[in-house]
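The values are calculated or read from the model by the stated rules, or taken from the named source; none is laboratory data. In this text the structure is predicted, and so the values were computed from the model without any measurement. Note: ideal-geometry Cβ built from the backbone for every residue, glycine included; neighbour counts use all protein chains shown. SASA here: full protein model, heavy atoms, side chains in, ligands and nucleic acids out. Shrake-Rupley method; radii C 1.70, N 1.55, O 1.52, S 1.80 Å.
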Amino acid sequence: MRHPVIVVSDSVFPNLNPAREVLSRVGAELLLADGPTPEAIMQVARDADALLVTYAKVTAEMIGQMTRCRIIARFGIGVDNVDIAAASNAGIVVTRVPDYCIDEVSDHTMALLLALARKVPFANSRAHAGRWEMPAVVPIHRLRGSVLGLVGFGRIPQLVAPKAEAFGLKVISYDPFVSEETMKRAGVEKVDFSELVKVSDHISIHTPLVPETKYLFNADVFRKMKPTAHLINTARGPIVDEEALARALDQGQLAGTALDVLSQEPPSTSPLFGRDNVILTPHMSFYSEESLIDLQSKAAEEVVRVLSGEVPRNPVNPGALKSKRESSATLHS
């Protein structure tokens, strides 16, 4: 009897033991590609039954060559690195793990907000340089009573809200897909996007990257922000036009920004480098030792479900399952 072959396209994990343990339930052989390039991935994935992917691009051309593949499971929340349409056409279900790091990202959001508002990195660097000068950080404004605008109100911002409220912030949110009643139950006021931009003292981005949200934050939006406002992004880099953001900072259209994600990662250069009012972290908001175990295990569990003939918990294209079943039924009729 042939054992299922599961390929990992790319990995940021110290090891794959949590995934390996889960996949052992179906006697799977786990293979890691030598690199994240299409060529390296396809060397081992062409006859694979499933593909586990982190950041590597999974293109339509690659999907067309994976004739045995039944599931592409993302080690992560977003799936913008996978060609969903091509996977659907091939009858391959794509899954994600939408709940593995919600504590970590919401904590990181608050850490960035506090660091910006209290100018902690700026003060720290000056103190280490021997400059014990409190007046250098002037002005700093009180957090209590200020307004936090959440762009998106999914799982992560729903955890950010009570953490921010504990500091006395008023929380508002823009999300066309979440009802006013849902936000009201969380103590959050639902507003439209233009209102959020205009009244927020701190704006935190939590929307997925889709064509409608690319460069959602652009030169026109920055002109409408408070000059004392802060922008935080722990979602996806291309939601923010970084060139326009740099110009807006130069012109004093906002006070500062904290970004855990950039359009190009890792960046070779950026107009945001070297600025006292810019905090950058290397796409680490998802990370804790515990979240990595959760991520591997939950993604691998989706693979086990599909290979066992069960329905996955978090499919992005559930129609692919029906397509695959109908195709199989036709072949065996």
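For the stretch 106-146, taking the residues that are of a type in the set (Val, Ile, Thr) and under 16 Å from Leu280 (Cβ atoms), the one that is least open to solvent (accessible area, probe 1.4 Å) is identified as Thr109.
Condition test on Glu301, is it open to solvent by 30 Å² or more (accessible area, probe 1.4 Å), in a helix (DSSP H, G or I), of a type outside the set (Lys, Arg) and under 29 Å from Ala86 (Cα atoms)? Walk me through how you get there before you give the answer.
Working: open to solvent by 30 Å² or more (accessible area, probe 1.4 Å): yes; in a helix (DSSP H, G or I): yes; of a type outside the set (Lys, Arg): yes; under 29 Å from Ala86 (Cα atoms): yes.
In short, yes.
Of all residues in the stretch 9-27, those satisfying the criterion of being surrounded by 19 or more Cβ atoms within 10 Å (Cβ to Cβ) and in contact with a strand residue (DSSP E or B) (Cβ under 6 Å, 6 or more places away or on another chain) are Ser9, Leu23. Being hydrophobic (A, V, I, L, M, F, W, C), assigned to a helix (DSSP H, G or I) and out of contact with any helix residue (DSSP H, G or I) (no Cβ under 8 Å at 6 or more places or on another chain): is that true of Leu245 here? In short, no. Every listed requirement among (1) in contact with an Asp or Glu (Cβ under 7 Å, 6 or more places away or on another chain); (2) not in a strand (DSSP E or B) is met by Ala73 save one, (2). Residue-level check: of (1) closer than 30 Å to Lys163 by Cβ; (2) open to solvent by less than 30 Å² (accessible area, probe 1.4 Å); (3) out of contact with any His (no Cβ under 6 Å at 6 or more places or on another chain); (4) not polar (S, T, N, Q), Asp49 misses just (1). Screening the stretch 28-38 for residues that are part of a loop (DSSP other than H, G, I, E, B) and either under 16 Å from Ala50 (Cβ atoms) or hydrophobic (A, V, I, L, M, F, W, C) (or both) and picking the one that is most open to solvent (accessible area, probe 1.4 Å) gives Ala28. The residues listed here are Val178, Val197; of these, the one that is open to solvent by less than 30 Å² (accessible area, probe 1.4 Å), in a helix (DSSP H, G or I) and not charged (D, E, K, R) is Val197.
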